[in-house]
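Comments concern the structure below.
The values are calculated or read from the model by the stated rules, or taken from the named source; none is laboratory data. Keep in mind the model is a prediction, meaning the values are calculated, not measured. Methodologically, a virtual Cβ is constructed for each residue, glycine included, from the backbone with ideal geometry; neighbour enumeration extends over all protein chains shown. The accessibility values were calculated without ligands, DNA or RNA, using every heavy atom of the protein model including side chains. Shrake-Rupley method; radii C 1.70, N 1.55, O 1.52, S 1.80 Å.
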Amino acid sequence: MTTGRHERIIPDSRRALARLISEVERGGPSADQLMRRLGAQPARSWVVGVTGPPGSGKSTLVDCLTSVARAEGLSVGIVAVDPTSPFSGGAILGDRVRMLGHSGDPGVFIRSMAARDSLGGLAPGSRDVVRVLDAYGFDLVILETVGVGQTELDVVRVADSVVVVAVPGLGDAVQALKAGILEIADLIVVNMADRPGADRTVAELEAMLHIGPSQTWTPPVLQTVATEERGIAEVWDALQGHRRQLEQSGDLVERRRQRVETEVIELVERELRRRITRQIRVDGRLAQVLDDARNERLDPHTAAARIIDRVVGRQ
Ligand SMILES: Nc1nc2c(ncn2[C@@H]2O[C@H](COP(=O)(O)OP(=O)(O)OP(=O)(O)O)[C@@H](O)[C@H]2O)c(=O)[nH]1
Ligand SMILES: [Mg+2]
């Protein structure tokens, strides 16, 4: 499955791949070097993001989708971002246990990683991990993130197709809309349809979708019972349909270009933040500016402008 171009960087064995990913995940200069050596490769994997509230059945659904993909002969790389939220009790173990069905399969690679961003954002290294899995040659890469805070919105920065998982009842559909999640959904799955209220939740979600601006793609709202593998074929078909639409409309290329642009900007921001933080530590004048702001001798805007002028130069 190794691509010729990256043979020296991307290993053949799973164990070596796992080590490489750990290195990427740790971040820092060596991860940065590694990602540079990987080069500007065209994305080849189809990246599907699965997000939704804690415990909505995302991992179970990912497991089902993996089975379908394997039956079609596709190799699958899975990244499950472990939440750091208080709702997450047992999630790490849960993911591992449920995914054991595929653990002996050489066509499936499963990786759990921590969402280190305390604000609930996507783990900074997850995009790089997806890129490594892509370079390794997985046909399908699935990224599971828990929809808490920003994470569920961040997944769109990595995925080609975004599946939002909801569950029946309790106004969850409305909650989801509040988080702005419907705007990023390419497909909405009401899982646990064996529970009461699934039809109503579907109707609510569909009604919300129709309020939005007219788009080239209206996200289908589907029902599943992931534990019984019910509705999975329909989800898979809808995903294929979305992919075809992305390819035919040219949106896939556009999405990916947009993502790379965002990534570059984010890398610049991160590096600048690192430099500024470091310089404040070693440069007495900068520390003084900060101190003046803290003690209200200087307004925050002026203080920020002075720090920027000194670190990156005046515009
Ligand atoms: N009744 C019912 N239970 C389900 C269904 N899908 C999943 N579950 C159960 O719901 C629980 C949570 O499922 P997970 O797949 O771990 O959910 P998750 O969204 O990945 O959970 P987190 O990663 O912790 O956010 C498990 O006990 C599953 O067996 C379903 O369709 N119906
Ligand atoms: Mg899970």
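Computed quantities for the displayed model
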{"item": "The stretch 234-278 shape via C-alpha gyration tensor axes, a/c threshold 1.5", "result": "oblate"}
{"item": "The stretch 187-315 - Rg over Rh from alpha carbon coordinates, Kirkwood radius", "result": "1.28"}
{"item": "Calculated FRET value between residue 249 and residue 304, using beta carbons and R₀ = 41 Å, to 0.05", "result": "0.45"}
{"item": "For the stretch 289-300, Karplus couplings with θ = phi - 60° (6.51, -1.76, 1.60), whole Hz, Gly/Pro x", "result": "4, 5, 5, 4, 5, 4, 8, 6, 8, 9, 6, x"}
{"item": "Accessible area per residue in Å² at 1.4 Å probe, computed on the stretch 8-65", "result": "47"}
{"item": "Amide proton proximity set for residue 78, modelled H, under 5 Å, gap of 5+", "result": "109, 110, 111, 142"}
{"item": "Per-selection metrics, the stretch 9-54 (Cα): Rg and Dmax in Å", "result": "13.3, 37"}
{"item": "Amide hydrogen neighbours beyond the local backbone of residue 223, cut-off 5 Å, H modeled", "result": "190"}
{"item": "Additional length obtainable on full extension of the chain from residue 265 to residue 194, 0.36 nm per residue less Cα span", "result": "21.1 nm"}
{"item": "Carbon and sulfur %, accessible surface of the stretch 188-261 computed with the full protein complex present, 1.4 Å", "result": "49"}
{"item": "Semi-axis lengths, Å, the stretch 258-315, gyration tensor of Cα atoms, sqrt of 5 times eigenvalues", "result": "26, 12, 10"}
{"item": "Where 25, 234, 271 fall by accessible area, highest first, once all protein chains stay in place (1.4 Å)", "result": "234, 271, 25"}
{"item": "Where 217, 236 fall by accessible area, highest first, once all protein chains stay in place (1.4 Å)", "result": "217, 236"}
